[in-house]
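The values are calculated or read from the model by the stated rules, or taken from the named source; none is laboratory data. All values reported here derive from a predicted model rather than from experimental measurement. No Cβ is skipped: glycine too gets one built from the backbone with ideal geometry, and neighbour counts run over all protein chains shown.
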Amino acid sequence: MKRAHFLQKVSSAIGNRTLPDQNETSTRQNNPATADLQTLINKFIEEANAVKAETHLASDNEVALQTVIQLLNNQTNNKYMSWDDSCLPIKNLEKRLDSANYLRYQSTVPRDTMERTRTHIKLAEVSVGITGCNAALADTGSIVLERKPGVREGLVLFCQQSISPYSPLIKSIRLWRAT
Amino acid sequence: MLTEEISLNQFLETSGIDVVETDLGEFIVQLSGDKPSHIIAPILHMTREDVGNVFKEKLNVPFSDDPATLNAIARAHMREIFLKADMGISGVNFGVSESGAICLVTNEGNGRLISTAPRIHVAVMGMERLVPTLADLSIMLQLLARSATGQKLSVYSNILCGPRRKNESDGPEELHIVILDNGRSKILGSTLSEILYCIRCGACLNACPVFHSIGGHAYGSVYPGPVGSVLSPLLFGDPWNPLPHASSLCGACKEVCPVDIDLPGLLLKSRSQQIEKGKSPLWMQLSQWIYAITSCNPILFGLALRSGQVVSRLLSHDGWFTTLPGPLQGWSTHRDFPALAQKSFRQLWDKSSQG
């Protein structure tokens, strides 16, 4: 069966005949630049809450910092790990958390096998991870994290706080690949 | 499923390697020495009390049947193994041809851990799992989540493009992708090639009345349900030939299939190919022949019915057979078989007409 025929079957099965064409640029039309951003935010929050994620709207850098500190206060220990400050959308996070006596664990994993295991075991003491996100998908309340220098995506923690600026908010996973 | 298809765990264990399943359901199956009964929900056949007993016996923890407690026990046990393991082995839900990326879809985060914490990541991918572009993947991710678990998107969709690069904080030092044929290229050229579109969502199992009645174990294959009935004889050969016959051809599987595989049609094709090749077992041919003669003759049919009722009365317990003889044994290995009703519909009809 040809790809076009297969896509036609899939399209028919899901009752949607407007599957994206990889060469078509019009799929970008729903990006935040042209779509109603507030609608996307509301949809994202609704969907994220539906899958038991907690969302917090922060109007500026200071409110975002206070929100993170508040969330850390709810944890049983003072250890956290995070993406590098330069990769986070809020400024001075590490400095503020240092001054509030929160201990940032170095999260770069050594390449040596034994050291790697030791680091992983040490990192398991941490229950909070702070990340940014590369994109947020409003249709599903999902966030997209990309592995690159300065960020890590490995460990699944008890609590993950993702800080997202409005800019990468995208309607759906179909449109994410177009950004 | 793919590592089970090639019995990888058993092979590694016989080579002296400790293998621990990381999907919670598969982990419980491994602990209890059982087998998965569903593609998506491997312990569909177990109760939470069963899981509590397995944990108590195998992990030496106090009995609990509270799902949150059981999850926490499994999490604590598995986390230690994740952090110390030197190699993580995973399947692949989809591979993307345009970028060489692989995609792992999980709801528990085990895919994310297994592909980043161990030093080496080995991903075993069925060759039919390739999609051409990331755009195609985005469609498939939605189809899979919706049909498998009723989610809009699975909790973790990991797209992996190679091992850890210079200056990256984590990730495996080595990534090996094993692309498995195991008979798939032969299927590709056959009239049953449509079965290769299957994305292993398990929706056909959930809709199948036969699966509902006999459970996943009765199929005896890694792949149960309608999709397994087509796939198993193609992948594993003649011992699985009876499976395509285990269907009422009601078409519920086709209705729910997200990629619109004509499963009833494939089952029929599979049956007819077996007959053409003379692969139908002799006992099956004989029993079909006897049934054809009996069901066409009202006197013979009535006699057979009464004989069946007598046998049922003598050998069943509380209306159920716990074991069946001879070639029918397989049907009662995992489930009891209902005894014949003591009064047939015709007898009840005659009685009500008289009364």
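Observations on the model:
- Verdict on B:GLY220 being touching a Pro at 6+ places or on another chain (Cβ under 6 Å) and more than 18 Å from B:THR191 (Cα to Cα): no
- Lone qualifier among B:GLY95, B:GLY126, B:GLY52 - being crowded, with 17+ Cβ neighbours inside 10 Å and farther than 29 Å from B:SER193 by Cβ: B:GLY52
- Scope the stretch B:165-201; condition aliphatic (A, V, I, L, M), surrounded by fewer than 18 Cβ atoms within 10 Å (Cβ to Cβ) and more than 27 Å from A:ARG147 (Cα to Cα); matching residues: B:LEU188
- Counting only residues that are more than 8 Å from chain A (Cβ to nearest Cβ) and of a type in the set (Lys, Arg), the stretch B:106-139 holds 1 of them.
- Flag if B:ALA246 is at pLDDT below 90 and within 30 Å of B:ALA145 (Cα to Cα): yes
- Per the conditions (1) closer than 30 Å to A:ASP84 by Cβ; (2) away from chain A (no Cβ under 13 Å); (3) touching a helix residue (DSSP H, G or I) at 6+ places or on another chain (Cβ under 7 Å), the sole criterion not satisfied by B:SER154 is (2).
- Taking the criterion of being within 13 Å of B:GLY216 (Cβ to Cβ) and among the aliphatic types (A, V, I, L, M), the residues of the stretch B:1-47 that qualify are B:MET1, B:VAL29, B:ILE39, B:ILE40, B:ALA41, B:ILE43, B:LEU44, B:MET46.
- Options B:PHE82, B:PHE63, B:PHE27, B:PHE11: the member that is aromatic (Phe, Trp, Tyr), in contact with a helix residue (DSSP H, G or I) (Cβ under 8 Å, 6 or more places away or on another chain), modelled with pLDDT of 90 or more and not in a loop (DSSP other than H, G, I, E, B): B:PHE27
- Residue among B:GLN151, B:GLN142 that alone is surrounded by fewer than 18 Cβ atoms within 10 Å (Cβ to Cβ) and under 16 Å from A:ASP139 (Cβ atoms): B:GLN151
- Options A:GLU47, A:GLU62; residue that is farther than 21 Å from B:LEU134 by Cβ, touching an Asp or Glu at 6+ places or on another chain (Cβ under 9 Å), modelled with pLDDT of 90 or more and of a type outside the set (A, V, I, L, M): A:GLU47
- Count of residues meeting criterion [in contact with a strand residue (DSSP E or B) (Cβ under 7 Å, 6 or more places away or on another chain), in a helix (DSSP H, G or I) and touching a residue at least 60 places away in the same chain (Cβ under 8 Å)] in the stretch A:58-97: 4
- The stretch B:107-123, subset buried (at least 22 other Cβ atoms within 10 Å of the Cβ) and part of a strand (DSSP E or B), residue nearest to the chain's Cα centre (by Cα): B:ALA123
To keep it simple, each residue is scored yes or no on (1) more than 30 Å from B:PRO224 (Cα to Cα); (2) of a type outside the set (Val, Ile, Thr).
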| site | (1), (2) |
| --- | --- |
| B:PRO244 | no, yes |
| B:ASP260 | no, yes |
| B:GLN285 | no, yes |
| B:LEU305 | yes, yes |
| B:VAL310 | yes, no |
| B:SER316 | no, yes |
| B:GLY319 | no, yes |
| B:TRP331 | no, yes |
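- Residue check, B:ALA68 without any contact (Cβ under 8 Å) to a residue 12 or more places away in the chain, within 12 Å of another protein chain (Cβ to nearest Cβ) and on the phi < 0 side of the Ramachandran plot: no
- Of residues in the stretch B:167-188 being more than 8 Å from every other protein chain (Cβ to nearest Cβ) and among the charged types (D, E, K, R), the one nearest to A:LEU7 (Cα to Cα): B:ARG184
- Tally of residues being crowded, with 22+ Cβ neighbours inside 10 Å and among the β-branched types (Val, Ile, Thr) across the stretch B:211-221: 0
- Looking only at residues of the stretch B:94-105 that are of a type outside the set (Val, Ile, Thr) and either in a helix (DSSP H, G or I) or within 14 Å of chain A (Cβ to nearest Cβ) (or both), we find that the one that is farthest from B:LEU24 (Cα to Cα) is B:GLU98.
- Yes/no for B:ARG184 being in contact (Cβ under 8 Å) with a residue 12 or more places away in the chain, among the charged types (D, E, K, R) and under 19 Å from B:THR3 (Cβ atoms): yes
- Among (1) in a loop (DSSP other than H, G, I, E, B); (2) without any contact (Cβ under 8 Å) to a residue 24 or more places away in the chain, the one test that B:SER232 misses: (1)
- Members of the stretch B:191-227 found to be more than 16 Å from B:LEU268 (Cβ to Cβ), within 12 Å of the chain's Cα centre (by Cα) and assigned to a helix (DSSP H, G or I), listed by number: B:ALA203, B:LEU205, B:ASN206, B:PHE211, B:HIS217, B:ALA218, B:TYR219, B:GLY225
- Against the conditions (1) of a type outside the set (S, T, N, Q); (2) within 14 Å of chain A (Cβ to nearest Cβ); (3) more than 19 Å from the chain's Cα centre (by Cα), B:GLU276 satisfies every one except (2).
- Some residue of the stretch B:102-115 being of a type in the set (Gly, Ala, Ser) and on the phi > 0 side of the Ramachandran plot: yes
- The residue pairs whose first member lies in the stretch A:98-126 and is at the interface with chain B (Cβ under 7 Å from one of its Cβ atoms) and without any contact (Cβ under 8 Å) to a residue 12 or more places away in the chain, whose second member is surrounded by 13 or more Cβ atoms within 10 Å (Cβ to Cβ) and acidic (Asp, Glu), and whose beta carbons are closer than 8 Å, counting only pairs six or more residues apart or on different chains, are A:ARG111/B:GLU173.
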